[in-house]
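S.K.: Following this message is one structure expressed as structure tokens.
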Amino acid sequence: MADISLLNTYGTGTSVSLISRDQARIRPYIATAAITNGQAVYVDATGGVQPCSSAASGTKQFKGIALDTVGIGQATDVVLEGELVGWDLSGVAFDAQVFASDNAGNIATAAGTNNVPVGRVTAISDSSVSGTRSKCLYIRSAVALY
């Protein structure tokens with residue numbers, strides 16, 4: 001299992017973002033732990049979100065990807081379903097499944113201690129360059145199925 005690293009966007013640090021907010025399912029949650037943009041999160045017993053880990057009991061439920069870097073008690077938007085960019089997917093095949101990592105908040109190329117699927121790598125076309133495809137991560141949490 002290898003964790004998938006975040007990209008350093010234009011030298012300004014890491015930033016995960018949605019391709020289309022209109023085609024995504026997003027919900028606001030209150031953080032009950034420090035959360036960084038792009039981390040995989042779960043909903044804890046208080047109804048707040050924390051970074052998830054496939055290794056730890058109780059934290060191995062994937063709810064979505066946090067869009068904000070926040071501290072405890074602050075609100076963050078969580079993507080339940082949608083296409084996101086911001087990870088280095090260059091070494092990951094198109095249509096490959098990705099998983100919650102054993103390292104809290106990270107995503108990985110293979111299942112960790114427990115099998116916690118996060119999404120798949122999908123292709124997006126670059127409209128400015130004919131025939132060019134880039135990779136993005138399509139995530140869909142179990143809650144998005146309801």
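S.K.: Can you pull out every residue in the stretch 77-98 that is surrounded by 22 or more Cβ atoms within 10 Å (Cβ to Cβ) and farther than 14 Å from TYR138 by Cβ?
M.R.: The answer is VAL78, and nothing else.
S.K.: Sticking with this one: Residue under question is ARG140, and the condition is that it be of a type in the set (Lys, Arg), at pLDDT below 95 and surrounded by 15 or more Cβ atoms within 10 Å (Cβ to Cβ); does it hold?
M.R.: Taking the combined requirement at face value, the residue satisfies it.
S.K.: If you don't mind, another one. Looking at GLY91 and the list (1) among the small types (Gly, Ala, Ser); (2) under 20 Å from LEU7 (Cα atoms); (3) in contact with a strand residue (DSSP E or B) (Cβ under 9 Å, 6 or more places away or on another chain), which single condition is not satisfied?
M.R.: Of (1) among the small types (Gly, Ala, Ser); (2) under 20 Å from LEU7 (Cα atoms); (3) in contact with a strand residue (DSSP E or B) (Cβ under 9 Å, 6 or more places away or on another chain), only one is false for GLY91: (3).
S.K.: Another question, if that's okay. Collect the residues in the stretch 38-61 that are surrounded by 14 or more Cβ atoms within 10 Å (Cβ to Cβ) and either within 10 Å of GLY105 (Cα to Cα) or among the hydroxyl-bearing types (Ser, Thr, Tyr) (or both), keeping them in residue-number order.
M.R.: Passing the criteria: GLY38, GLN39, ALA40, VAL41, TYR42, GLN50, PRO51, CYS52, SER53, SER54, THR59.
The values are calculated or read from the model by the stated rules, or taken from the named source; none is laboratory data. Everything numeric here is computed off the predicted structure, so don't read it as measured data. Glycine gets a Cβ as well: all are built from the backbone with ideal geometry, and neighbour counts include every protein chain shown.
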